[in-house]
1. Quick test for you: out of TYR180, TYR184, pick the one residue that is open to solvent by 40 Å² or more (accessible area, probe 1.4 Å), modelled with pLDDT under 95 and among the aromatic types (Phe, Trp, Tyr).
2. Which of the following residues is out of contact with any helix residue (DSSP H, G or I) (no Cβ under 7 Å at 6 or more places or on another chain) and of a type outside the set (S, T, N, Q): PRO117, PRO111?
3. Conditions first: (1) of a type in the set (Lys, Arg); (2) modelled with pLDDT of 95 or more; (3) over 28 Å from SER55 (Cβ atoms). ARG155 passes all but one, so which condition is the exception?
4. Residues of region 86-118 being in a loop (DSSP other than H, G, I, E, B), touching a Lys or Arg at 6+ places or on another chain (Cβ under 9 Å) and modelled with pLDDT under 50, which ones?
5. Can you find a residue in region 31-46 that is modelled with pLDDT under 80, open to solvent by less than 80 Å² (accessible area, probe 1.4 Å) and assigned to a helix (DSSP H, G or I)?
6. Select from region 144-172 the residues that are assigned to a helix (DSSP H, G or I), farther than 18 Å from LEU16 by Cβ and charged (D, E, K, R) and write down the one among them that is least open to solvent (accessible area, probe 1.4 Å).
7. Taking into account only those residues within region 173-189 that are part of a helix (DSSP H, G or I) and among the aliphatic types (A, V, I, L, M), which is nearest to ALA128 (Cα to Cα)?
8. Within region 105-161, which residues are in contact (Cβ under 8 Å) with a residue 40 or more places away in the chain and among the hydroxyl-bearing types (Ser, Thr, Tyr)?
Amino acid sequence: PVVTSAEDDEVGLRILLSLLEKDELITKGEGGGGDAKILTRNAPKANAADLEYASTERHHEIQALAAIFPNEFEIITPISKKQQNGSTASGVEEKSIDISPEQRYKLKVAPITPLQPPAQSNACVLYAFTRSAYPILASPLLLFTNNTLPPSLLRRINVALIHKANEGLGEPIIFELMEYLAEYVPKMQ
């Protein structure tokens, strides 16, 4: 996968997405009569073995996503979380490697049928922000975007993603979310 640098928006996006997730799951799940059964923030604390297993699962998921979506998948890593570039003895510069369990993935979603107006573009993107206990004890934070879709539709899609991700807690979910979005977004219009 391509590893690119992110702007300093990582922390702000994580906070906003966490608030959306919290609001949606509490309102619809615990007190509001909805069907969300799992609240990620109430997940048990991960121990060292859990975190090591989660890291292995994330690594396997990255390999699978890179193989399945070679041109649609990239890892966006904030500069502050990268190891510094170094030069090898041959003078060739080595690429930076993310050392954090919390990464941001960018995946281009291809709807199975073209989007209808008011959408002016099929350029859909899913951003997935992993957490240290993802996938075993935490779901990823998710943000679906398409600059030509109405905000109300984008909100419905993002809320549906929150619920879908929490249903799959305990296993890598990004591939399933990609398939879900490819089919679901055109039907939501």
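The values are calculated or read from the model by the stated rules, or taken from the named source; none is laboratory data. Since we're looking at a predicted model, the values are computed, not measured. Don't worry about glycine lacking a Cβ; one is built from the backbone with ideal geometry, like all the others, and counts go over all protein chains shown. For the accessible areas, the whole protein counts, side chains as well, though only heavy atoms, and no ligand, DNA or RNA atoms are used. Shrake-Rupley method; radii C 1.70, N 1.55, O 1.52, S 1.80 Å.
1. Details: TYR180 fails: modelled with pLDDT under 95.
On inspection, the qualifying residue turns out to be TYR184.
2. On the way: PRO111 fails: out of contact with any helix residue (DSSP H, G or I) (no Cβ under 7 Å at 6 or more places or on another chain).
Going through PRO117, PRO111 in turn, the sole match is PRO117.
3. Here ARG155 meets the rest and fails (2).
4. So the first thing to find is which residues in region 86-118 are in a loop (DSSP other than H, G, I, E, B), and the list is 86, 88-92, 94-97, 99-103, 110-118.
From what is left, the residues that are touching a Lys or Arg at 6+ places or on another chain (Cβ under 9 Å) are 96-97, 99-103, 113.
Within region 86-118, SER96, ILE97, ILE99 qualify.
5. Keep residues of region 31-46 that are modelled with pLDDT under 80, which gives 31-44.
From the residues that got through so far, the ones that are open to solvent by less than 80 Å² (accessible area, probe 1.4 Å) too are 31-34, 36, 38-40, 43.
Pick out the ones that are also assigned to a helix (DSSP H, G or I) and you get 40.
Yes, region 31-46 contains at least one residue that is modelled with pLDDT under 80, open to solvent by less than 80 Å² (accessible area, probe 1.4 Å) and assigned to a helix (DSSP H, G or I).
6. Once the filter is applied, the top-ranked residue is LYS164.
7. Only one residue tops the list, namely ILE174.
8. Passing the criteria: TYR105, THR113, TYR127, THR130, SER132, TYR134, SER139.
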